[in-house]
Every structure is written in C-alpha cells, then in structure tokens.
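Structure first, commentary second.
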Amino acid sequence: MNALLHGRLTGLLVMGAVIAILPAFLPNNFYLDIAILAGFNAMVCVGLNLLIGYAGQISLGHAGFFGIGAYASGVLAGTYGWPPILALLAGAVFVGVLAFAVAKPILRLKGHYLAMATLGIGIIVSIVLRTESGITGGPDGMMVDPFKIFGVELYGEKVWYWVVGALLVGVVWLSLNLIDSPMGRALRAVHGSEVAAEVVGVDTARFKVMVFVLSAVFASVAGSLFAHYAGLITPAKADFFKSIELVTMVVFGGMASTFGAVVGAVVLTLLPQALTVFQDYQQIVLGGILMATMVFMPKGLLPTLAALLPARRRA
Amino acid sequence: MFAELLQYMLSGLTIGAIYALAGLGFSIIYNASHVINFAQGEFIMIGGMASATLTASGVPLPLAILIGCGGAMLVGVLVAKFAVERARNASTVTLIIITIGASIFLRGVAELIWGKDFKRLDAFSGETPIQILGASMQPQSLWVVGCAAVLIVAIGLFFAKTLTGKAMLATSHNRLAAQLVGIDVKRVVLASFALSAALGAVGGAVVAPITFSYTEMGIMLGLKGFTAAVLGGLGNGPGAVVGGVIVGVAEALGAGYISSAYKDAIAFVIILAVLLFMPNGLFGKRGTERV
Amino acid sequence: MNMLTTPELAPDTAAQARRVGPPILKVEHLSREFGGVLAIGDLSFTIAAGDIHSIIGPNGAGKTTLFNLVTGVYKPSGGRVLFDGADVSGMAPYKLAARGMSRTFQNLQIFFNMTALENVMVGRHLHLNTRLLPALFRFPSLVRKDREARDRAVQLMTDVGLAKYVDADAASMPYGALKRLEIARALASEPKLLLLDEPAAGLNATESREIDEVIKTVAANGVTIILVEHDMKMVMGISHRITALNHGRKLAEGTPQEVASNPDVIAAYLGAAP
Amino acid sequence: MRKRLLSTMAAVTLTGLAMTGLTGTASAAEPIKIGAIISATGPASFLGDPEKKVLELYADRINKAGGVDGRPVQLTVYDDGGAADKAASFTKRLIESDKVDVIVGGTTTAATMAAVPLVERAEVPFISLAGAVVIVEPVKKWVFKTPHTDRMAAEKVMEDMKKRGLTKLALISEDSGFGKSGREQTLAVAKERGVELVADETYGAKDTDVTAQLTKVKNNAAAQAVLVFGLGQGPAVVTKNYRQLGISLPLYQSHGVASKEYIRLAGGAAEGVRLPAAGLVVAAQLPESDPQKTVVTDFTKTYEQAFTSEVSTFAGHAYDGLMIALDAVKRAGGTDKAKLRDAIEQTKGYVGTGGTVTMSPKDHMGLTLDAFHMVEVKQGDWALVK
C-alpha cells in the first residue's frame, strides 16, 4: 500500500515539476499556447481514459460533450451575460444530465453498437452547433469573452498556463484517487469480466453510467474553460474528427494509464504543430500512429515504456 | 406537391443505393471477421477518385472503373493482412481503432496522390434530366440504382451458389467449425475485404458524377453505410440493403420537409432510436453470451 | 471421466450423521430453452443450508445452464427460483450477490487487467464505500476501510493457498491458481450460498485434493455450497447430497451412495461416456 | 526534407516543446517578414491554392531582383484548411512565434474574422483576401482587404437584373462567413433597389447535394432569377444540381467563384451563369483604354508562365495584397508596424488586378464599382457582358 501510494504521488510530483519548470524553456507565447492546448486535451483524455482504458467502454462522441461545454460558456456567459463560473457549471450539469439520459440505454449495448451510438450522438451535437447559427454563430463559430471570477479576469497565455497546469494536476489526482478506490476497481472489473463483476455484487450498469457521465463532465468543463481561453470556438471542436483525435490520444498514450493519457495528449497535440511543415503528411502520420500503436504496442506508449523499465512497473 | 415528394423519393433512392452498397460491405466483412471496417468509406473514395482522375487523363471509363476497383481491392487486402489480421484476438475497441486508423491513413495517402480538391467525372450517359410526373431525374441516378441492384443480386448469387461464397457464409456462422472442415478462415477474411472494397469502389465510381469526388467523400458515405448495416442488424446482408434505402429516403424526405441543414443528422437520429428500442436492428437475431 | 463405482469411494460418515438444515435454495419447475431446444426442463430440487450439494451429469446435461439460471445470468423460460424464501427468478446477479449468493465459472472469468489481490478485493465490493465523491477525494474513512479490505483479501488468498501470488498480475498466474483465485474472490463477498462450477477441472490430482480441502473448510464455516464437478472422486468424497441431471431433467437425487447406485445414473454415464 | 523532419522530431522529444532553431539565421539585411494564412486546402482550396502560389512566386521574384530596399522578403505561409479556428491559431503563431511584420491572408471571411481580434490586439497590419464587407465596415484600425465586397457584388447583380427586367430573386447562400455576410448585404441592397426576395435558402460549405433546397426554389412560381452567394466548391455543386433539376431561370453567382476551376467543376452546367468579377479574368477583352489593362495582362502572363493553370481573380487578390504591403514598406521606410499601417492606409492610386486602390482612414479597401465587371460563362470561358 505504501509503495503504491508512494508511486502514485511520485508520478503526480514529477508531472507537477515538469509543469512548473517548463515555461522557462518556452521562448514565447506561441509555445505556451501549445502547452495550454495540450493541457486541455490532457484533461479530457484523463476522463476519457477512465471510460475507455479502465472501464473498457468506447466513446466515439466525446468531442460532442467538449463542444457542449464550450458553447454553454460561449452562449450563457457571452450572449446572456451569466457569470462564467455559473455558465461552466450549467454546461457541466447539462452534459451530466444528457450523458446520464443517453448512457442508461446506450451502455446496455456492447462493442460495435456502443461505438455507433456514441458516434451518432457526437455527430448530432456537432450538426446542431453548426446549424443553429442564431445561437451558436454557425460554422464560423462564436467569440467568447475572457473568464472572470471574483472580479479577476483571466487573460493571456501566461495566466492560463498556470490555471490549466493546476487543473491538470487536480484532474490527474482525482483520476488516480478514483482508480485506487472500490469504485475504481469495480470499473476495471467491468472491463475484465462483466459477469464476474456482477456475481460479486457489482452493479455493472450503474458504474458504466457513472463513469460515462463523469468523463463527459470532465470534457464539458475542459470545453468551457477552453472556450474562454481561446476566445473563439467553432463546431469543429465538437465533431467526429475531434472525437477520434481524443480516442487516439488515449490509445496512443496507453489505455488504463492516467499518465499515459496525459502523455498521449501532449505528444499528439505537439505532433501536428511539428508537422505543419509537412502538412501533406499529417493524416498519414496520424493514421499510421493509430494502426501501428494498436498492432505493435496495444498497451500504448507509456505502459510499453514502463514495461521496459522493470523497476518502475507500476507507474 | 406530389412532384416534390417524388423528387425527394428519387434522390433518396439514389443515395440510398450507395448506402446500401456500403452497408453490404460492412456486413460482409463483419460476418467474416467480426470487424467493423471504418475504412469502408475510403473504398468508395478510392473508386470515385480513381475513375474521375483516370478518365480525366484519357483512360476509357470502364477501364478506369476497373482499375479503381482493383486498386481498392488491393488496399482492402492490405488492410486486412497488415492491420486486422495481426490484431486477430484483440478487443472490439482495438479493432475499431485500427480500422479508423486505416481510414485516416488511406485518406492521407489519397490526398498526397490526388490532392484535396474536388474532381469531376462526367455523367455516364449525359446530363439531360429525365422528367417523370413533374420530377426530374438525372440519367446517372439510373446508373447508380441499376449498378447497385445488379451488384446486390450478384452478391446474393455468389453466397448462394459458389463454393467460396458458401465457405464465407459457413465462416460467419461458426468460425471454428468452418476451420475444422478445412476452410482457410484467413483467406475468407481477405476475400471479404476484397469483396467489400470492390462493392465500395464501384459505388464510388457510379456516384461520383452526382456528388463530385474528393478525398473526404468517403467519410459520411461510410458512416451512413455503417448506420445502414446496424439498422438492418449487423451481419445481415439483405437487412443492410434495406437499411441503406431506408436511411437514404428518410434523409431526402427530412432534407425536403424538415430541414436541409439537418440532413446528415437524420441517419443518426434513426439509428439511435433503433438502438435504444430494438438493439439488434430491424432484422437482427438475438444473441446470448456464453459464460 | 472417473467411473462411479471406484471401490475406494467410501462415503463420508460424518456427513451422513449431520442434521439437515432448513432449505436455502428452492428450484421449482424451472425450465429454459434456447431457440426451441430445451436446456433445462421442469426441474425442481431443494438445497439445504450448510450442505455441500453436488450437481452431476454427463456433458450437455444442463449443469452450467442451471447455474446461470440460479445466479441470474440467464432468465428462466418458466418456473421459479426461491433463495432464502424469496422469489429471485431472473433477478440480476449483482442483486443476488447482495442477498448472499456468489459463484465461480467453468470458463475462467478473471479480471486479467488487475493484480490477483485486486481481483479478490473486487469481491469485497458489497462491503465497501463505492460512491463516487468519496473515491474522487479519497475520504479517510474510505481509505481505512479499503486497507481493511486489503488485509481481508490477503487473508483469503492465504486461506486458499495463494499467499505467494498476492502481488502477482492475474494475467501471469497459472491455471490452477486462477481457479482458486475465483474461489477467493467469491468468498470475499461473504456469500451464504456459493456455487462452484467445476473448480477442479484441468487440475492434477494433488491440486484437486487441495481444492477439496478448501471446499470442506468453507463449508465448515457455514457456507452452503452447490458444486458442479466431473471429478467423481471429489464429488463422492465431499458431497452431502447429489442431484444427477440428464438432458436438462432430474435423473436422481440422494446421498452419494444412493446416487452412485442408481441404475439410471449409471446408464446415463455409461451411455454418454466415451 | 527528411533531415529536417528528424531534427524536428528530435527537438520535440528532447525538450517537449522546443521547435525553434529551425528558422534560418538572420542575413546581413533584416528580412521583411510576411506571414500568410491561406485556405490552400479544403472547400475554399480553389481560392487559396492560387493565392499561395502567387505569394510564393512573387516573393521569390522580388528576392531574385534584390528585395525591397535591399531587404529580402521572408514569407511564411500556413494552410488553415478552410477552418476558422485553425486560422486563429496560425495567426497567433505568426504573431508570437514567427514575429511577422505584416500578415496577408485569410482566404475566407470566416478565417479573416477569426484573425481580426488577434491582430488588433497585437497591432499587426493585416491585409485580408476575403470578400465580405464586414471585414472593413466598420473600419478596424489594423485590418485591410483587397477584393471587392459582397455588397458590391449584390449591387452589380441587381443592376444587371434590372437591365434584363427581372425583379423577383431567389437567394441561396452558404451558411458561413462570406455567404452569411453576402446574404445580409443582398437583403439590404434588394430593399434599396426594389428587388423582391422570394426565396431565401442556405447550404453548407461541404454539402455535395443541395437538390432539396433547389427543389423548393424550382417549385416557387414567383422566382425570376436565382443568386448563389458562396465561394469555392459549394456554388459548383449548386450549379450542377440546378441543371440536374432542369431549372431554367437565369442564374447568378458572386465573385466568390471567379476562377476557371468553377467552370471546370460545374462543366456544361455553368453555361450562361453570370457573375461580377474583377477585370483580371477577362484581361484580353478589356479595352486598351482601361487603366488596368497593362497590369492584368502582365500578371496573367507571369502567372500562366509559372503555373500551367489559368489565372483567377483570387491569384490577383493575393498579388494585390503583397504589392500593397511592400509598397507601404517602401513608403514607410521600414517595417515599424505603426508606420507600416499608416502607409497602407495612405495607399493612393495603386493599380492592381482588382482595380485602382485608393484607401483612406474611412475606407480600408479603396475600390469602386467601376473595376467590377459583369461576366457570363460562354463555351467554358468568361465573356464580358456589355
């Protein structure tokens, strides 16, 4: 237990230290911007990993929840002048309720059907965001005002870097806590064998719904904050490709590894930036990574690397 | 009023025929390997792009379609061989991700070869609309529906009459038993990818004069084909065909009478409703898990 | 398959002298069909609390189907199942678990994505705080109870002879150990009734003996056991009562000697034996 | 190429975020850094692709000729793929990381509008290549544009309708940027000019089938003409579907399709379509007296020699943008951003491919209706409507 706890907190400490010293190596705001985007993606991926990596359920529509969060903030805080924090909470509650309502029947479905259903939800959300241009600004998206709380305005990369960094540490901490709890074990049991989990008393449906809702809410909150940070949101942030991108990050970094999800998000946020010079090859590289990861290292980057270092097996 | 309805029905039937072909492709691969091939749409794209660009450079149309078809089949076999087969015992989630990766990869390669812009393919027999009771139909629509019908019947005969077809059917019913009676299951999987790729490529070629061809054309067509397959009950070939036509017609009617902007959402709304209320599709069988 | 008439199968005399407990499980006119084929037909029997009650029968007799019906994995086509006096027919497995029923599986159902210890800790699920917020924020009470659960799980693993696998990944364990792991996991839920589906299948003689001991100890602690097993030596050695099935119907029921000497049972086995 | 990829990858893996060290070292004379955000791919690719080519071609030619005031032009082009959010993040990159002196681009209105708040905040001169009037009305201090506005297009179309005695118009517009703004302008201009709008449909930039919307137009007995407001590939789809449904009303397009690519895509269906366009596409048909004659003839020759494709007005917009920027650098005597901005605003009598440009603090486009010509597609080519 102690060793495990120790391992848990070391990971978190290392991550915190990296976040703390990184800005010293970033020459300008553009790099901070990328780091922030990586942070947002990482938050969503940590949540999505609870669903995909730990509970073994797939979602091809998580960008939809991210998008709802973003637009809830954009519309409620912008158009209707709500305090941003209230708009964020309202978005999260709405996503939570929506996810709950669809999860109940959908998570009964398995494998391909679940993929189909979540994909459908994601696509419907992005179409609604694109079409209801009176509210959402349509395909061009909408401008969102900076985040204000207690009279303080969060603006600029330098501020947001620390906000996102702190939140990411928080989200990772929550995720690690959850995994190492009875509920976390129940989730993993659902992945391992639903029927075996049931016969020792695990209400598998309940936990599947719960983790689906939780990961959706993570995505929504990240979406809300992203909207305020970026200042511009478009339906592209909610579409099928974004969902696939998120799944890719989780899978590439390492399913069932919280830090793997973070690493996956960071690497795959950087990659397209590094590849802008080779924009023509971007899709080939992304598609190739996806296939190669699944075929050659199905456990993902971080767990595969960790396995090479026997001493730190439980990273 | 009636003319309008007829108009929507005709466009729905045309696009529904393509969904049906795509859905059938999904079903064939699913039956042989229990894989949902998210790269199905890319087979359509390969067919459309190859025939459009080849004819533009002077290759006669039938030959261009044939080359596109062959190219797609080759790609299908490669995907099966190097991605799907290697992950044979992987989970559903893993296999879904592999085929999604394949689809993105193929799109990337296609962009490199053909560029991202729209390509034009002339209609096979002119563009003078045919007037029917006040609605107009493009001659190309007849090609689409006709080709789809011929292919669907041909596939039906293939499974019913030929040894290879029967072997593929047997594999879908019971993989182990098929293996025991000497069917090379690996080859069946490869054949299923090749067959689905051919279906998709022909679909892409005949629909290209109506929609243009471009590297992203396969995304929505593929996803709608998937909804068609699920609607008809995964693995049910005739079901997928009916599903495709239903999705196509519903979409056209929805675009006409409800909102053209929500056209693409209609298929997914239908499929969600079906999944929630009849999780095995319209014609699917109930399965029981063995423990 | 062992023959029923092996001479050294001396009936457990202690078992015969036992007082018969009140019924804990009653199966009444239970039936289940798959696509028109009857897997279980009009089956009725009663299990007395405290017994080790074995279900035997040739392959395809419907033993595993019966387990799946009793534990809620399948829904019956007809008839009912009474557990502790309450009608639990078709009730979800996790609800039955909460009422004190657990089981193991013929085809292993191990959580291969976890360590052995975690597998057993999942078995403690019903006795822990499994709500979301305490988990997310790591409430001290939750951590404390979790630590107790861990100790309890280690104890159980030791009891079934898995002490050396405490920190092992389930995926790295040998088959025999996994069989015991399933028992430990089921025991962790503190069941009143435990259904064991072929716990000795695939084990060698020594391992079978050890499982034998484990089962007896569990039963001695007051847990009622329903056992499906092909190892007749084990069945005859530890069972208080035996029900024999064939083609989904009851063929015979009684003490081990009664069943062993039943001509129908012998015929069924000889007929079905390869 | 490969080496650069490797070094990029290495940099990424080593420091996590560092991708610097790839830009060339400063030469003796500080280069003039020009950034560009272009939709070289995506639904607006037939606008963006020639724009990108022209920028690269002319930057190269200018450098070979010794640069501007002895300073070379250093061009950084990013492809936004037609997505507004990508345009915004590339703008950020141009400003923060590439530290450009002036930005040319924003192929589409959506991309431009996404970049506007960023350049305004960072105070970087920005010359857009997009059409909508919202870009320069109200005037934004740092934002300029080269093409004619959608408002001008609407005026030109309705002027032509009046000549043909048509007063009832059906409008089909794209649901984003240029189309949205174009729709608003069309509504406003129609009111002013007494044209009645009898249908108002929209389509999406990536739609490949608009027969549903067109069926409604077809069944609208009142319509006398149809105007499509959109850019890139969408209008080609509309044109095709239009003929497929056998609609025979006069069809107008906006200057968002003034490229041969449009005619190629729509094929025979484009015959008879009319649209307002800059003189560039009908260079040979312009009278000798036209002030633009020399400029557009030269540009056409240069472009068509360098690339095998035919010149489009979009290539011209990019050329104008680059030339206005460099001309301003000369007049400002350097790349001080504030001075550069002032110099751009003081552009007077610049004869470009779009017309004669005279800007002012109130007009950040500087074009008039004279240089906007109504053209018709005849036998697969543009013909000036007299």
Within region A:123-177, of all residues that are under 15 Å from A:Gly78 (Cα atoms) and assigned to a loop (DSSP other than H, G, I, E, B), the one nearest to the other protein chains (Cβ to nearest Cβ) is A:Gly141
Here the residues within region D:60-74 that are surrounded by 12 or more Cβ atoms within 10 Å (Cβ to Cβ), on the phi > 0 side of the Ramachandran plot and free of Cβ contacts under 8 Å to residues at least 40 places away in the same chain are D:Gly67
Answer yes or no as to whether A:Leu225 is over 25 Å from D:Glu96 (Cα atoms) and either at pLDDT 90 or above or within 14 Å of chain C (Cβ to nearest Cβ) (or both). no
On the basis of being at the interface with another protein chain (Cβ under 7 Å from one of its Cβ atoms), within 16 Å of C:Ala188 (Cβ to Cβ) and touching a residue at least 12 places away in the same chain (Cβ under 8 Å), does C:Leu126 make the cut? yes
Residues in region C:5-61 that are farther than 17 Å from C:Gly248 by Cβ and either at pLDDT below 75 or assigned to a loop (DSSP other than H, G, I, E, B) (or both) total 21
Quick test of your reading of the structure: C:Met121 fulfils all but one of (1) at pLDDT below 95; (2) farther than 17 Å from A:Glu194 by Cβ; (3) surrounded by 19 or more Cβ atoms within 10 Å (Cβ to Cβ). Name the failing condition by number. (1)
Pairs, please: C-beta under 9 Å, at least 6 apart or cross-chain, first residue touching a residue at least 60 places away in the same chain (Cβ under 8 Å) and in region C:242-254, second among the basic types (Lys, Arg)? C:Thr243/C:Lys250; C:Ala244/C:Lys250; C:Leu245/C:Lys63; C:Gly248/C:Arg32; C:Glu253/C:Arg241
Do any residues in region B:260-279 that are under 17 Å from A:Gly61 (Cα atoms) have Cβ atoms under 6 Å from those of residues that are among the hydroxyl-bearing types (Ser, Thr, Tyr) and at pLDDT 90 or above, where the two are at least six apart or on different chains, and which pairs are they? B:Ala267/B:Thr227; B:Ile271/B:Thr227
Here are some residues: D:Val257, D:Val237, D:Val273, D:Val281. Which one is within 21 Å of D:Pro147 (Cβ to Cβ) and over 15 Å from the mean Cα position of the chain (by Cα)? D:Val273
Considering residues that are at pLDDT 85 or above, over 13 Å from A:Ala238 (Cβ atoms) and surrounded by fewer than 22 Cβ atoms within 10 Å (Cβ to Cβ), the number found within region A:105-156 is 6
Total residues in region B:126-179, condition of a type outside the set (Phe, Trp, Tyr) and under 19 Å from B:Ala22 (Cβ atoms): 17
Return the residues of region D:171-230 that are among the β-branched types (Val, Ile, Thr), within 12 Å of chain B (Cβ to nearest Cβ) and under 18 Å from D:Leu275 (Cα atoms); say none if nothing qualifies. D:Ile172
Out of A:Thr234, A:Thr258, report the one residue that is buried (at least 24 other Cβ atoms within 10 Å of the Cβ), touching a residue at least 24 places away in the same chain (Cβ under 8 Å) and in contact with an Asp or Glu (Cβ under 7 Å, 6 or more places away or on another chain). A:Thr234
Scanning region C:84-93 residue by residue, those out of contact with any Lys or Arg (no Cβ under 6 Å at 6 or more places or on another chain) and more than 10 Å from every other protein chain (Cβ to nearest Cβ) turn out to be C:Asp84, C:Gly85, C:Ala86, C:Val88, C:Met91
Evaluation of D:Thr356 against (1) modelled with pLDDT of 90 or more; (2) farther than 21 Å from D:Gly131 by Cα; (3) not acidic (Asp, Glu) (one fails), failing number: (2)
Any residue in region D:85-97 that is part of a loop (DSSP other than H, G, I, E, B) and more than 12 Å from the chain's Cα centre (by Cα)? yes
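Okay, residues lined up against (1) touching a residue at least 24 places away in the same chain (Cβ under 8 Å); (2) assigned to a helix (DSSP H, G or I):
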| residue | (1), (2) |
| --- | --- |
| D:His148 | yes, no |
| D:Asp160 | yes, yes |
| D:Ser173 | yes, no |
| D:Phe178 | yes, yes |
| D:Leu187 | no, yes |
| D:Asn220 | yes, no |
Just to be sure, is B:Ala102 within 18 Å of the chain's Cα centre (by Cα), crowded, with 18+ Cβ neighbours inside 10 Å, at the interface with chain A (Cβ under 9 Å from one of its Cβ atoms) and not basic (Lys, Arg)? yes
Of A:Leu22, A:Leu60, the only residue that is touching a Gly at 6+ places or on another chain (Cβ under 8 Å) and within 30 Å of B:Leu272 (Cα to Cα) is A:Leu60
Has region A:166-181 got at least one residue that is over 30 Å from A:Leu107 (Cα atoms) and within 21 Å of the chain's Cα centre (by Cα)? yes
Spot the failing condition for B:Gly115; the list is (1) away from chain A (no Cβ under 11 Å); (2) more than 19 Å from B:Ser192 (Cα to Cα), and only one is missed. (1)
Restricted to region D:196-206 and to residues being assigned to a loop (DSSP other than H, G, I, E, B) and touching a strand residue (DSSP E or B) at 6+ places or on another chain (Cβ under 9 Å), the residue modelled with the lowest pLDDT is D:Ala205
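The values are calculated or read from the model by the stated rules, or taken from the named source; none is laboratory data. Only a predicted model underlies this, so the values are computations on that prediction, with no experimental measurement involved. With ideal geometry, Cβ positions are generated from the backbone for all residues, glycine too; neighbour counts draw on all protein chains shown.
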